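Reading through the structure tokens given below for one structure.
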Amino acid sequence: MSKINYTPPRVWKWEEGNGGRFEDINRPTAGPTFESELPVGKHPIQIYSQGTPNGVKVTILMEELLALGFNEAEYDAWLVRINGEQFGSGFVEINPNSKIPAILDMTTAKPTRVFETGAILLYLAEKFGAFVPMAGPSRAECLSWLFWQMSSAPYLGGGFGHFYAYAPEKYEYPINRYAMEVKRQLDVLDRNLADRHFLVGDDYTIADIATYSWYGQMVVAGLYNAKEFLQVDSYANVLRWGTEIHNRAAVRRGRKVNRDSHSGIAERHDASDFDKLGI
């Protein structure tokens, strides 16, 4: 357990069982820890994920594509629990970083693996020619906001979320430091959305999908139960934007995929899988 007045040693040493909620799976090495094969379904796109903020980015996009009539966007979504299942050899083969989500595109001569959510969203949007501008300043703006989210969310999740909700003890300095940064990020979004309907302008893009999954769910659904602590209601433009996206039919479906709870579905192989949820 960390001490308040901690002096780092000259060489860091891993102390097992010292990582809070996820101490059983955190480790300083990569690679598989056990042998396992990934299942493969019948659809063009195979998704291996869990319904975390990062995981739902991909299933939301797939549901949005299906809603537009892209039948080739049919997908099988397989649950990979981040309790250690991400270290199976089959998953590590398609994502050497052992982080969900990862996908396989089965329509190519040899199945194409894609990992890291920014890469997955861009790959799929370009594959189907939807939810990303294909040229010009609007494309540059879309990619700028997409990668803003990719670089900013670790401060919200691994920083603020970890120390506020998951760390073995509550420490004032890291909570305050990351809360300040998350509030700055919310202000960045709020100012941008003051005169824009969506992040890039009038069009809903993968930048909105990626950013909603973290920041939209923070202000609307209370990610980390920190709505009051962060005073998220003060970011009126973010709240308006996040609420609109939260209520989209495709988003309602996409955020329910790869969840163990009774309010979601562990796997998705057909649109009828949502019937039990009434959505």
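The lone criterion from (1) modelled with pLDDT under 95; (2) in the same structural domain as residue 106 (by TED's automatic domain parsing); (3) aliphatic (A, V, I, L, M) left unmet by residue 124 is number (1). A single entry from 28, 96, 53 fulfils the requirement of being within 30 Å of residue 208 (Cβ to Cβ) and surrounded by fewer than 21 Cβ atoms within 10 Å (Cβ to Cβ): 96.
Being out of contact with any strand residue (DSSP E or B) (no Cβ under 7 Å at 6 or more places or on another chain), modelled with pLDDT of 95 or more, in a helix (DSSP H, G or I) and farther than 20 Å from residue 207 by Cβ is the requirement here; does residue 155 meet it? When the stated conditions are applied, residue 155 does not pass them.
A count restricted to the stretch 99-116 and to residues that are surrounded by fewer than 16 Cβ atoms within 10 Å (Cβ to Cβ), touching a residue at least 40 places away in the same chain (Cβ under 8 Å) and either of a type in the set (Phe, Trp, Tyr) or out of contact with any helix residue (DSSP H, G or I) (no Cβ under 9 Å at 6 or more places or on another chain) (or both) stands at 0.
Only a single item in (1) over 29 Å from residue 146 (Cβ atoms); (2) buried (at least 17 other Cβ atoms within 10 Å of the Cβ); (3) among the small types (Gly, Ala, Ser) is not met by residue 84, and it is number (2).
Residue by residue, here is whether (1) more than 18 Å from the chain's Cα centre (by Cα); (2) surrounded by 15 or more Cβ atoms within 10 Å (Cβ to Cβ) holds:
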| site | (1), (2) |
| --- | --- |
| 191 | yes, no |
| 195 | yes, no |
| 202 | yes, no |
| 217 | no, yes |
| 230 | yes, yes |
| 236 | yes, no |
| 239 | yes, yes |
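Filtering the stretch 206-215 for residues that are surrounded by fewer than 16 Cβ atoms within 10 Å (Cβ to Cβ), within 21 Å of residue 132 (Cα to Cα) and not assigned by TED's automatic domain parsing to the domain that holds residue 124 leaves an empty set. Once the stretch 144-177 is narrowed to residues that are aliphatic (A, V, I, L, M) and in contact (Cβ under 8 Å) with a residue 40 or more places away in the chain, the residue that is nearest to residue 61 (Cα to Cα) is 146. Restricting the first member to the stretch 71-96 and to residues that are at positive phi, and the second to residues that are part of a loop (DSSP other than H, G, I, E, B) and of a type outside the set (Lys, Arg), the beta-carbon pairs closer than 6 Å and six or more apart or on different chains are 84/25. Taking the criterion of being surrounded by fewer than 13 Cβ atoms within 10 Å (Cβ to Cβ) and in a helix (DSSP H, G or I), the residues of the stretch 120-143 that qualify are 136, 137, 140.
For the stretch 241-279, taking the residues that are of a type in the set (Asp, Glu) and closer than 15 Å to residue 79 by Cβ, the one that is surrounded by the fewest Cβ atoms within 10 Å (Cβ to Cβ) is identified as 260.
The values are calculated or read from the model by the stated rules, or taken from the named source; none is laboratory data. Predicted model only: the values in this text are computed from it and were never measured. We place every Cβ from the backbone using ideal geometry, glycine too, and count neighbours over all the protein chains shown.
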